[in-house]
Ligand SMILES: *Cc1c(COP(=O)(O)O)cnc(C)c1O
């Protein structure tokens, strides 16, 4: 299909601007463009068709099953959008006086209180724009804490080898050395290896529980205790809280700081690079270092912003974070309520175990012990015996209208496919997906070449992913 720039015709447009109602002043010569910007010029119908066509070429949660492991592609209820579109939330300015945005501050304070209850934390900032940004923020809190106590020998962050790739990256960004902790044969942290690694140079541990292979680490209290006894702090990567929200709390597992991905667990749209939100909650010992400003109750029935926090690490983003994402997440939490939140978690785990059980007869599970919100298939055997890889199965699923699971992650599993069905899928959808997986397996036995060719029925066929990564074309070059 054509790019919007290729559709552009000089002089076309669809903007109807009202007459200017403020005095016109001219800008200083040095600030004025020498030539107009090269914006695409298209009529409204062409613009509309362009985006409709783009939409038809992609796969979203509203198109079909989207079991992309670790990404929690659950359905995003429309009521969230309605709430976020209220003019009092949407048509405001970040520099408006506090007394004119009391409702917005109430959203921030209420969301903080509820999410602190869900995570077992004392305070929370909504400033980070996404999960990885939350990780960096949380690590900077840990760093400020050690620094403030003049405990400067702590230069290392311990990260299990099953961790999400952002964890070691964030630790390095925060100026720490990363020490990888191996997993045992059960897919959980090797406690003895952790004990050996923890010491006076340990600033902290970053951990996801349930981890990226979908297993809940039963040794979690011992793990956090080992780190605390070594003088380190414990960071919980709560990007994906879907299996435990309303049931188990990071705060009770011994964690000092946690980030959440509102754009995963708390049902706000994601994928495609839209705005996210990665709030960071912490226990009392880290509260002094939280970014500014923090919204809070003013003690007289209203709300205010607190800027006066002398030990703060500063701001990690402009203003208050992606506020409308928080408004959507709060709507979601209030819609589900105290019963609905744990019920959603239970259904996420149920759906996951159901699909895993339906696939076990033909696919090998990396860890066949029952799962939490996601499970990992390994295609190592099929690769060896049939020459069919995780990539082939993933591409085959596209022809069934299913978005592929996460591929080749976690790194500790060979030929991995990581499947996360989420709670919002019906049993019928899961049965259809299981049937698609089985059909692909039959094709792998009878006609592996066909799978190497797939997808056969998508807008574009199999792409050269190496070329796409090595020679990305990210710029449009205008014809002269
Ligand atoms: C998605 C995810 C992240 C990163 O979140 P972003 O919003 O993409 O930055 C970190 N950790 C885990 C476990 C995740 O699933």
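None of the figures in this text is laboratory data; all of them are computed from the coordinates on show. Because the structure is predicted, anything quoted here is derived from the model rather than measured. In this analysis, Cβ positions are derived from the backbone assuming ideal geometry, glycine residues included, and neighbour counts consider all displayed protein chains.
Observations
- Whole-angstrom gap from the range 61-88 to the range 429-464, using each part's C-alpha centre: 27 Å
- Highest average packing first - 121-133, 346-358, 159-171, 255-267, Cβ atoms within 10 Å: 255-267, 121-133, 159-171, 346-358
- At full extension, residue 31 and residue 98 could sit 20.7 nm farther apart than now, given 0.36 nm per residue minus the alpha carbon distance.
- Residue 58/residue 24 FRET efficiency (R0 41 Å; Cβ-Cβ; nearest 0.05): 0.45
- Segment residue 172-residue 292, length gained on full extension (0.36 nm per residue, minus Cα span): 40.8 nm
- Fraction of alpha-carbon pairs over 21 Å apart in the range 1-95 - percent: 68 percent
- Spatial offset of the range 94-111 relative to the range 23-60 amounts to 33 Å, using the alpha carbon center of each.
- DSSP beta bridge pairing in the chain, given as percent antiparallel to the nearest 5: 55 percent
- Spin-label model, residue 308/residue 252: points 7 Å from Cα along the beta carbon direction are separated by 3.7 nm.
- Förster radius 22 Å - calculated FRET efficiency between residue 435 and residue 457 (Cβ-Cβ, nearest 0.05): 0.85
- Using R0 = 22 Å, the C-beta based FRET efficiency linking residue 475 and residue 2 works out to 0.85.
- The share of alpha-carbon pairs in the chain lying farther apart than 31 Å comes to 52%.
- The range 423-480, Rg to Rh (Cα coordinates; Rh as Kirkwood inverse mean 1/r): 1.20
- Over the range 143-300, relative contact order from alpha-carbon pairs under 8 Å, at least 6 apart, %: 17 percent
- The range 312-383-the range 163-183 distance, computed between alpha-carbon centres (Å): 22 Å
- When you restrict to C-alpha pairs under 8 Å that are six or more residues apart and normalise by the size of the range 9-104, the relative contact order lands at 22 percent.
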